[in-house]
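Working notes for the structure below.
The values are calculated or read from the model by the stated rules, or taken from the named source; none is laboratory data. Every value quoted in this text rests on a predicted model; they were computed, and no experiment measured them. Note: ideal-geometry Cβ built from the backbone for every residue, glycine included; neighbour counts use all protein chains shown.
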């Protein structure tokens with residue numbers, strides 16, 4: 001081929017938090033694709049600030065799980081459009097999802113997650129049969145590097161280039177397609 005466009009997406013980013021390798025800690029992607037079955041009590045750790053944490057919490061609550069979302073932001077889904085966020089909050093709250101802003105996970109423990117309030121520094125422990133990580137993605141650019149030098153023109157787009165929002169990926173894909 002004369003040109004190859006690599007759009008291989010991203011893989012879930014896993015943070016460097018003590019205990020993140022415990023068996024009850026997983027990613028939103030693994031929950032949503034059914035690769036992991038959640039326990040009754042779930043804590044969703046949001047470092048993305050967009051749709052991943054609240055929509056995963058909605059999915060879990062719909063399966064009968066008791067769900068808490070913790071986020072370092074001032075509000076869950078801080079980067080979601082206000083109109084959509086209001087509807088999403090209504091849906092989450094009617095299902096009993098607990099929203100805990102300004103809180104970070106500092107350690108995963110067997111059956112729990114230790115948290116810290118970002119301003120007061122107060123620590124607490126939340127029981128959790130399943131801890132779900134929503135930390136955004138990291139570029140999956142392996143194929144791009146394998147093809148570099150073997151194909152005359154290789155373009156890297158979307159999350160494979162740099163994980164961002166969908167509109168960024170669409171714009172980038174359109175620009176690259178028009179340039180070929």
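Working only within the stretch 144-163, note down all residues that are in contact with a helix residue (DSSP H, G or I) (Cβ under 8 Å, 6 or more places away or on another chain) and not in a strand (DSSP E or B). Once the filter is applied, which keeps residues that are in contact with a helix residue (DSSP H, G or I) (Cβ under 8 Å, 6 or more places away or on another chain) and not in a strand (DSSP E or B), the stretch 144-163 yields 144, 157, 158, 159, 160, 161.
Out of the stretch 137-157, which residues are out of contact with any strand residue (DSSP E or B) (no Cβ under 8 Å at 6 or more places or on another chain) and touching a residue at least 12 places away in the same chain (Cβ under 8 Å)?
In the first step, residues of the stretch 137-157 are kept if they are out of contact with any strand residue (DSSP E or B) (no Cβ under 8 Å at 6 or more places or on another chain); the result is 142, 145-146, 149-150.
Scanning the stretch 137-157 gives a single hit, 142.
Please pick out the residue among 49, 77 that is touching a helix residue (DSSP H, G or I) at 6+ places or on another chain (Cβ under 8 Å), assigned by TED's automatic domain parsing to the domain that holds residue 102 and at pLDDT below 95. Matching residue, one of 49, 77: 77.
Number of residues in the stretch 22-46 that are in contact (Cβ under 8 Å) with a residue 24 or more places away in the chain and either in a loop (DSSP other than H, G, I, E, B) or touching a helix residue (DSSP H, G or I) at 6+ places or on another chain (Cβ under 7 Å) (or both) equals 12.
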